[in-house]
Each structure stands twice: as C-alpha cells, then as structure tokens.
Amino acid sequence: MTGFEVPADLTFNRGPIADPQGFADDAGAASWLYLCGEEFASMDGGMSYEQVRAAVPESENIVSDPPRELDLDKARRHIAALDRLPRPTLVTCRAGPRSSAVVYLYAGLRAGASADEVLARADADKAPFTGFDDLRRFVADGLQELRAGTP
C-alpha cells in the first residue's frame with residue numbers, strides 16, 4: 001500500500017450522533033456537510049439540519065440518505081461542497097457508511113490514489129462503508145469516472 005491517508009481535517013461519523021454541538025466541538029469543526037434529509041430529524045435518535053447549522057459556522061446539506069441512491073451526480077455535489085467548505089470539516093450521515101464513503105472518495109480523488117489504494121486504506125481503517133458492496137462500488141467507480149472531470 002502507498003502512503004494514502006484520509007486528511008485529518010475531514011471527519012466522518014462512526015455511529016449515530018447524540019450531541020451535534022459536542023460532536024462539532026470535539027472535532028474543532030469549522031464546517032459540516034450533512035447528508036441526511038429532514039425525515040431523519042423526526043426519527044428516534046435523529047438529528048435535524050438546523051442542529052447542524054447551529055453547531056458550526058458553515059454547513060451544507062446534500063440529502064443522500066436511503067432510500068436515495070448515491071450516484072455520480074451526488075458525488076460531484078459532495079466534492080464541490082467539500083472544496084468550498086473550510087476545514088476542519090465534518091461529513092455525516094445517519095450512522096457512518098455513506099459519510100465515510102464520501103470522505104474516502106474525496107480524499108482519494110484529491111490525492112490521485114487508485115481505487116485499490118483507497119479501498120485498502122479504508123479496510124485497514126475499518127471505515128464504516130467497507131462492509132457494503134454498493135458503497136465500495138460507489139467509491140471505486142467514482143474514483144475512476146470522476147478523476148478526469150475533477151480539477
């Protein structure tokens with residue numbers, strides 16, 4: 001494996017977030033990319049985008065949670081948002097699989113890493129997305145297909 005690592009200034013969740021303000025404070029976050037829709041706010045243990053907005057100076061909401069599919073259009077939107085948002089940046093979904101996939105895809109694109117390098121690092125890091133074949137494909141396909149179109 002090469003030296004590919006996820007930058008320390010990008011943080012994803014590894015489970016539900018009980019205290020959005022505490023999560024942001026612990027990470028010293030300047031911004032937050034939130035992947036959940038408003039329906040998540042009404043669920044037990046859910047969180048609203050308003051809670052995210054109250055916790056950090058800058059945020060964006062790109063709804064990417066089930067039953068919505070992660071696709072290249074969403075990946076492009078995630079990448080553009082992560083390019084705009086100041087660091088350190090949180091990227092979260094309900095429990096971590098989708099947010100971790102977005103972070104590894106972004107980091108791999110920006111580092112010029114291969115899909116094999118990114119997936120090997122994700123496996124070694126026990127990233128939440130690695131247990132889901134569709135998310136592994138999202139990262140691998142995204143790296144291949146977006147590389148040419150991503151500055």
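The values are calculated or read from the model by the stated rules, or taken from the named source; none is laboratory data. All of these numbers come straight from a predicted model, not from anything done at the bench. As a convention, Cβ positions derive from the backbone with ideal geometry for all residues, glycine included, and neighbour counts pool all protein chains shown. Side chains included, ligands, DNA and RNA excluded: accessible areas come from the protein's heavy atoms. Shrake-Rupley method; radii C 1.70, N 1.55, O 1.52, S 1.80 Å.
From the list A111, A18, A124, pick out the single residue that is surrounded by fewer than 15 Cβ atoms within 10 Å (Cβ to Cβ), under 28 Å from L143 (Cβ atoms) and out of contact with any strand residue (DSSP E or B) (no Cβ under 9 Å at 6 or more places or on another chain).
Criteria check complete, one pass: A124.
Search the stretch 77-99 for residues being out of contact with any Ser or Thr (no Cβ under 8 Å at 6 or more places or on another chain) and on the phi < 0 side of the Ramachandran plot, and hand back the single one that is surrounded by the most Cβ atoms within 10 Å (Cβ to Cβ).
Out of the qualifying residues, it is P97.
Quick one: L10 ticks every box in (1) hydrophobic (A, V, I, L, M, F, W, C); (2) open to solvent by less than 20 Å² (accessible area, probe 1.4 Å); (3) touching a residue at least 60 places away in the same chain (Cβ under 8 Å); (4) more than 20 Å from L109 (Cβ to Cβ) except a single one, so which number is it?
(4)
Condition first: touching a residue at least 40 places away in the same chain (Cβ under 8 Å) and part of a helix (DSSP H, G or I). Now tell me which residues in the stretch 28-51 satisfy that.
F40
Going by the conditions given, is D25 of a type in the set (D, E), open to solvent by 50 Å² or more (accessible area, probe 1.4 Å) and in a loop (DSSP other than H, G, I, E, B)?
Judged against the criteria, D25 is not a match.
Would a scan of the stretch 54-61 turn up a residue that is among the aliphatic types (A, V, I, L, M), surrounded by fewer than 16 Cβ atoms within 10 Å (Cβ to Cβ) and at pLDDT 95 or above?
Within the stretch 54-61, one or more residues are among the aliphatic types (A, V, I, L, M), surrounded by fewer than 16 Cβ atoms within 10 Å (Cβ to Cβ) and at pLDDT 95 or above.
Working only within the stretch 6-22, note down all residues that are outside any loop (DSSP other than H, G, I, E, B) and over 17 Å from the mean Cα position of the chain (by Cα).
Hits for the stretch 6-22 are Q21, G22.
Could you figure out which of (1) closer than 25 Å to A113 by Cβ; (2) under 17 Å from the mean Cα position of the chain (by Cα) isn't true of G3?
Of the numbered conditions (1) closer than 25 Å to A113 by Cβ; (2) under 17 Å from the mean Cα position of the chain (by Cα), the odd one out for G3 is (2).
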